[in-house]
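Q: Supplied in structure tokens, the structure appears directly below.
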């Protein structure tokens, strides 16, 4: 076994795994086998309001039924908040974070009232309302116990980057559009991390060399590349695979209960049946991965 290839599958236990999850997990597992590398399973359970133990246990059962095998112990994000806090401290020392007290309603109103609201790949970006908030007002709001998020001052971060950043997608160097997602949230008062921060930290600490995930996360890779640079983290290589879609043309989500692996298993489907369904819905498990 070589240590030079390490990949992972990182589901969130906020519902049962669906056919699209199975496709992603199988691709990563087969890539590890092909390269005589390591396959890790990570449970992304930082959202304690939505994540449940019953869904985590179902993940293990479903993946075992699909034929996947992973290393133990499994990293559960909720056990590693100290790691994320350490990364936040690095960003704070660089004076790159600011507290944001805006609600979604506030942000939506600000965007509607702005004739020049910045846009990203998924629509309007956070307009930076709290970025210029007076420090005394920030302190007052925090002392009052108002909920807040910590946002990354992307403009300031870019001023610290000396060279254009790239990442490898399918062995091709892609120029990172570092401002494409705006001032992202890296932590919240109640949960001192976010998806963007925790995935970058986790991949680094687990030694992930190759990330295989859905095309819906391609744009996130640009901001991940910025975080990696700020935290002095070596970026992995990436492959963002196509997404499985249902009869309505929409990608599968946890709302599609009939296409969960649990429902398919309990309905009498066999493993070959599931592989056939993946192919019918746009997946290609026999495709040659770029690595």
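Q: Could you compute the FRET efficiency for residue 253 and residue 280, with r as their C-beta to C-beta distance and R0 at 22 Å, rounded to 0.05?
A: Values: r = 18 Å, r/R0 = 0.81.
The calculated FRET efficiency here is 0.80.
Q: Right, next: Could you list 137, 223, 59 so that the one with the fewest beta carbons within 10 Å of its beta carbon is first and the one with the most is last? Can you show the working numbers first?
A: Values: 137 11, 223 25, 59 22.
Starting with the residue having the fewest Cβ neighbours, the order is 137, 59, 223.
Q: Ok, one more. Given that just one value was derived from the coordinates, which of [x] 16.7; [y] 13.9; [z] 14.9 is mean projected area of the Cα convex hull in nm²?
A: [x]
Q: If I build a Gaussian network model for the chain, linking alpha-carbon pairs within less than 10 angstrom, which residue out of 143, 95, 171 has the largest mean-square fluctuation?
A: It is 143.
Q: If you don't mind, there's one more thing I want to ask. In what order do 233, 208 fall by count of nearby beta-carbon atoms within 10 Å, going from fewest to most?
A: Values: 233 17, 208 22.
In order of increasing Cβ crowding within 10 Å: 233, 208.
Q: For a quick check, take a GNM of the chain with Cα springs below 10 Å and name the residue from 132, 185, 199 with the largest mean-square fluctuation.
A: Answer for the Gaussian network model of the chain: 132.
Q: Tilt of helix 195-205 relative to the longest C-alpha principal axis of the chain, in degrees (0 to 90, nearest 10)?
A: Compared with the principal axis, the helix lies near 70 degrees.
Q: So how tilted is helix 53-65 from the main axis of the chain? Cα-based, degrees 0 to 90, rounded to 10.
A: Between the helix axis and the principal axis of the chain, the angle is about 40 degrees.
Q: For segment 1-82, just say rounded, prolate or oblate: build the C-alpha gyration tensor, square-root its eigenvalues into a ≥ b ≥ c, call rounded for a/c under 1.5, and beyond that prolate if a/b exceeds b/c, oblate if not. Mind dumping the intermediate values first?
A: On the way: a/c = 2.38, a/b = 1.44, b/c = 1.66.
Oblate, because a/c is 1.5 or more while a/b does not exceed b/c.
Q: A follow-up question, please. In deg cm²/dmol, rounded to 500, what helix-only [θ] at 222 nm does the chain give when every DSSP H run of at least 4 residues adds -39500 (n - 2.57) and the total is split over its residues? Kindly include the intermediate steps, with their values, before the conclusion.
A: Working: 10 runs with 107 residues, N = 291.
Value at 222 nm, helices only, nearest 500: -11000 deg cm²/dmol.
Q: On a 0 to 90 degree scale, rounded to 10, what angle separates helix 19-34 from the longest Cα axis of the chain?
A: 80 degrees
Q: Let me ask something else. Roughly what would the spin-label model give for residue 82 and residue 94, points 7 Å off Cα along C-beta, in nm?
A: In this crude label model, residue 82 to residue 94 measures out at 2.4 nm.
Q: Can you tell me the length gained on complete extension of the stretch residue 47 to residue 234, counting 0.36 nm per residue apart and subtracting the Cα distance?
A: On the way: separation 187, 0.36 × 187 = 67.32 nm, distance 2.66 nm.
Value of the extension gain: 64.7 nm.
Q: Got a sec? How would 65, 70 order by Cβ neighbour count within 10 Å, fewest to most? Show your work: numbers first, answer last.
A: Working: 65 15, 70 19.
Taking fewest neighbouring Cβ atoms as first place, the list is 65, 70.
Q: Now, a different point. Compute the label zone of residue 190 within segment 138-152: residues whose backbone N is under 18 Å from the point 7 Å along Cα-to-Cβ.
A: Inside the label zone: 142-151.
Q: Report the antiparallel proportion of the DSSP beta bridges in the chain as a percent, rounded to a multiple of 5.
A: If we restrict to bridges inside the chain, about 55 percent are antiparallel.
Read-outs throughout are calculated quantities, based only on the coordinates presented, and are distinct from any laboratory measurement. The model shown is predicted, which means the values in this text are computed figures rather than measured ones. All Cβ positions, glycine included, derive from the backbone under ideal geometry; neighbour counts span all protein chains shown.
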